[in-house]
Amino acid sequence: MSSGKTRESKRNPDDTIKILIATDIHLGFEYNKKRGQQTEDSFITFEEILQHGINQDVDFILLGGDLFHDTKPPQTVMLKCMELLRKYCLGSKEIKIQFLSDPEIVFRHCANKVVNYEDPYINISMPIFSIHGNHDDPSFGAVGSMDLLSVSGLINYFGKWTDLTKINVSPITIKKGETYLALYGLSYINDQRLSRLLRDFKLDMLRPQEIPDCFNIFVMHQNRSPHSEHGYISQSKLPDFLNLVIWGHEHECRITPEHIPETTYYISQPGSSIATSLSEGESKPKHIGILSVNKTQFKLQSIKLETVRPFVFDNLIIQDENIPKSYTEQLSESVYKFVDNYIENELIPKASTQLSGHPKQPILPLLRLRIFYSSEEEIFDANKLAQRYCDEVANPMDMVVFRKQKVASRHSKLSSKEFGDEFEEMAQILCYEDERNWNRTVQGGIKKHFSLEENKDKLTVLSVNGLNEALNRFVDIGDTDAFANIVNHQIKKTIAHLETCDVDTAENIRDEIKNFRDKRMEEEQEETAEIQSLFNNIKSKTQTNIDKDNNLSDDENRNMPVSKRGRGRGRGRGSTRQKQSIDVNLSKQVHAKKQTKKQDQNVLDNYVSSSRGNIKKGILFIEDSD
């Protein structure tokens, strides 16, 4: 970083590259929902970010993933995004940075392999370079929203990778005066896979050898916080030649560069520009940064966003408060009155201090009060508060949540912050009942569970890899149909295999299904690639229907049920009805293709009818009956 004002004043501005950095903009978040005026929040703040780029006269904007909230955003969301990009990024202003890289290499995944400000068919005044995140991840080989912006010439999309066996990242090399900058980008990859690639030294960053004094920036979109053993990327394990890492995906704003011990680089975590969850990290003030690079020196100016909706997060431990108790009313009623007074006189005034005076800033605040109780008698009906503050708060229905307190002390208040609500609820769904168990990966726990000899045969048709891939998609991108799709796919695959086998007894069928399962377990990489291809094909087939839905009138959209997505929330789909559907489909398909083997069919039907399907808290078990 810069060493002082004297040294800065001697720098030639023609040698300084100015970059606006931002991550996790989440355009379209709750665009089709009604939470006050929050439907427009993401677009209002994105426009403010673009305006800062113009006012600061930056050379380009660098985005760290999750420009969109959905993998396939509605057409109206894409339209609004393109309108803003055309308004602020097109023009005749001279671009002072030179692009030195081979566009055929750094944009090899793009249909239009050229940096947009050198395209003779479009005039760019403020270039944008962006990777994709987990929310706008197009997956293997698929076309996503970022590809559309790339081919339109509005964004330079880089860092997309589809080969997960070995990754060679080529930099975008930029020159301005005597300053050279190498920009490395790696779009979102499953954290466990990327951790494995780093561990096995299969992630290489190619350095421009002909430029000795080059400032190296790495922009990535991964978990930084160690929520689980291998479900994050260690901030100290990145290549030492880097100067600065722009870290996306984490929503808490830590934009001030942090030097990482035992390394040579700094990390800047801009955080999200809007709150997409009611967690403590989201309640911190939102910022973007203006990064100035002069040769091998840099400084980063933090700019607070003024159009962000006010958000106050707080914890309340009932036993630590002096709540007046009355013999004429229940304890829950006394707690209700205390909380009502606390919201009105503590939280709402705090929210009002976050009003910036910007004419486009939403006024109604977001509030989240976590109430830690020790007795069921302290719980009251939160709907009473929702009705009380429906005109004063943007999220009245989920303003208050109750959490069971294990230890009644001030220390409990601190420990309760270690995990957000999303992790607490996921832990409950997946039967992780204490913090020590939650330090492990969910996927790793599933794999370990079914690798035990006593549990090995609990999954036969559905594979562990298939289950974990479905879980990844459910958590990462909110694919609520992932479990049903993988179950149906693997049932059909097992049926197709049985049709090629000469089996005539229930025991032979059972053994053949298990042999087929073991074979898939040995070919883990092949099966993973096949599953990814399955989900990509499903997304392509359903996109037409999604586009049709987007053409509905506003009234129709308001009447349509909207699924609520939360990180790590929800339960896997499954019931006796699904089990019956599995049995019926399996029986019908095998019967149709083996009509001449009635005896074999009867044996297979008996086996299927004796199988048990059970979806338990997001995990489907297909067990053999004893």
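Of the residues making up region 100-129, just one is closer than 24 Å to N168 by Cβ and modelled with pLDDT of 95 or more, namely F129. Within region 517-529, being buried (at least 18 other Cβ atoms within 10 Å of the Cβ) and under 23 Å from the mean Cα position of the chain (by Cα) holds for one residue alone: T528. Screening K417 against (1) at pLDDT below 90; (2) assigned to a loop (DSSP other than H, G, I, E, B); (3) within 27 Å of D41 (Cα to Cα); (4) not small (G, A, S) leaves a single unmet condition, (2). Is there a residue being among the hydrophobic types (A, V, I, L, M, F, W, C), in the same structural domain as T276 (by TED's automatic domain parsing) and under 21 Å from the mean Cα position of the chain (by Cα) anywhere in region 81-103? Yes: one or more hits.
Residue-by-condition table, conditions (1) hydroxyl-bearing (S, T, Y); (2) part of a loop (DSSP other than H, G, I, E, B); (3) under 20 Å from G64 (Cβ atoms); (4) in contact (Cβ under 8 Å) with a residue 40 or more places away in the chain:
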site: F129; (1), (2), (3), (4): no, no, yes, yes
site: G133; (1), (2), (3), (4): no, yes, yes, yes
site: D137; (1), (2), (3), (4): no, yes, yes, yes
site: V143; (1), (2), (3), (4): no, yes, no, no
site: L148; (1), (2), (3), (4): no, no, yes, yes
site: K160; (1), (2), (3), (4): no, yes, yes, yes
site: L164; (1), (2), (3), (4): no, yes, no, no
site: N168; (1), (2), (3), (4): no, no, no, no
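Being assigned by TED's automatic domain parsing to the domain that holds Q297, exposed (fewer than 15 other Cβ atoms within 10 Å of the Cβ), at pLDDT below 90 and within 23 Å of L471 (Cα to Cα) holds for only one residue in E229, E210, and it is E229. When region 440-490 is filtered for residues that are surrounded by fewer than 19 Cβ atoms within 10 Å (Cβ to Cβ) and of a type in the set (A, V, I, L, M), the ones remaining, listed by number, are I446, L452, A484. Going by the structure shown, is S236 more than 18 Å from D137 (Cβ to Cβ), at pLDDT below 90 and under 18 Å from the mean Cα position of the chain (by Cα)? So S236 fails the test.
A single member of V335, V339, V293 is in contact (Cβ under 8 Å) with a residue 12 or more places away in the chain, more than 25 Å from L355 (Cα to Cα), among the hydrophobic types (A, V, I, L, M, F, W, C) and in contact with a Leu (Cβ under 8 Å, 6 or more places away or on another chain), and it is V293.
Just one of the listed residues (L164, L183, L194, L203) is closer than 18 Å to Y266 by Cβ and either crowded, with 21+ Cβ neighbours inside 10 Å or in contact with a helix residue (DSSP H, G or I) (Cβ under 7 Å, 6 or more places away or on another chain) (or both), namely L183.
The values are calculated or read from the model by the stated rules, or taken from the named source; none is laboratory data. In this text, all values refer to a predicted model and were calculated from it rather than measured experimentally. When we count neighbours, we look across all protein chains shown, and the Cβ atoms used for this are built from the backbone with ideal geometry, even at glycine.
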